[in-house]
Structure formats: C-alpha cells, structure tokens
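Right, one structure below, let's go through it.
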Amino acid sequence: MTLEIDTASGTCSTVIDGTTYRSAIMDVRISTDPAARMSVAHVDGASTHLTEDQAEHLIAAGAKDDRENLVVDD
C-alpha cells in the first residue's frame with residue numbers, strides 16, 4: 001500500500017512494479033475490493049489498496065467516493 005498523498009500540490013502517486021503513476025486528487029476514484037475487504041485507489045490507470053485513513057483523506061481532498069458497504073444489517 002504505497003500511496004503518496006500531496007495535498008499541497010493536489011496530487012497523489014503510487015509505485016507499482018517500478019512504474020510511478022501520478023494523478024490530480026480530483027481525478028482519483030476510490031472503490032471497494034470485496035475479496036480483500038479493502039478500499040482501492042484508482043490512480044492514472046493503476047489500482048492499489050489503501051488504508052481507510054488514506055481513503056478518507058483522499059475523499060476529503062476531492063477524490064470520487066465509489067466505495068460500497070460490504071456489511072449487511074438484518
């Protein structure tokens with residue numbers, strides 16, 4: 001879960017297999033990986049798992065929240 005969030009410049013980046021993916025925070029989408037039960041950041045065409053604190057931080061900074069609630073209430 002290597003995700004760098006730079007709110008000063010309004011960008012975030014992740015490194016996957018040696019390639020750096022960078023995007024404006026407002027272009028980042030946060031979704032849910034039901035198998036891992038974790039949030040996923042979609043940055044510049046790449047996807048990476050992230051902590052809920054990071055997800056909330058990105059959403060507060062302008063990322064799109066497409067997460068799903070996986071808990072079902074009776």
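The values are calculated or read from the model by the stated rules, or taken from the named source; none is laboratory data. Being a predicted model, the structure only gives us computed values, none of them experimental. Backbone-built Cβ (ideal geometry, glycine too); neighbour counts: all protein chains shown.
Within region 1-11, the set of residues being under 11 Å from the mean Cα position of the chain (by Cα) and within 14 Å of HIS57 (Cα to Cα) comprises LEU3, GLU4, ILE5.
Which residues, counting only those in region 15-53, are surrounded by 14 or more Cβ atoms within 10 Å (Cβ to Cβ) and among the hydroxyl-bearing types (Ser, Thr, Tyr)? Within region 15-53, TYR21, SER23, SER31, THR32, SER39, SER47, THR48 qualify.
Taking (1) among the hydrophobic types (A, V, I, L, M, F, W, C); (2) modelled with pLDDT of 95 or more; (3) in contact with a His (Cβ under 7 Å, 6 or more places away or on another chain) in turn, ALA41 satisfies each apart from (3). Scan region 41-73 for residues that are touching a Lys or Arg at 6+ places or on another chain (Cβ under 9 Å) and β-branched (Val, Ile, Thr) and the total you get is 2.
With the requirement that a residue be of a type outside the set (A, V, I, L, M, F, W, C), within 9 Å of the chain's Cα centre (by Cα) and farther than 15 Å from THR2 by Cβ, what does region 12-41 give you? Selection gives ARG29, SER31. Pairs meeting the criteria (first residue in region 30-43 and of a type in the set (Lys, Arg), second residue at pLDDT below 95, beta carbons under 8 Å, at least 6 apart or on different chains) are ARG37/LEU70. Does ILE59 count as at pLDDT below 95, in contact with a strand residue (DSSP E or B) (Cβ under 6 Å, 6 or more places away or on another chain), among the hydrophobic types (A, V, I, L, M, F, W, C) and not in a loop (DSSP other than H, G, I, E, B)? Taking the combined requirement at face value, the residue does not satisfy it.
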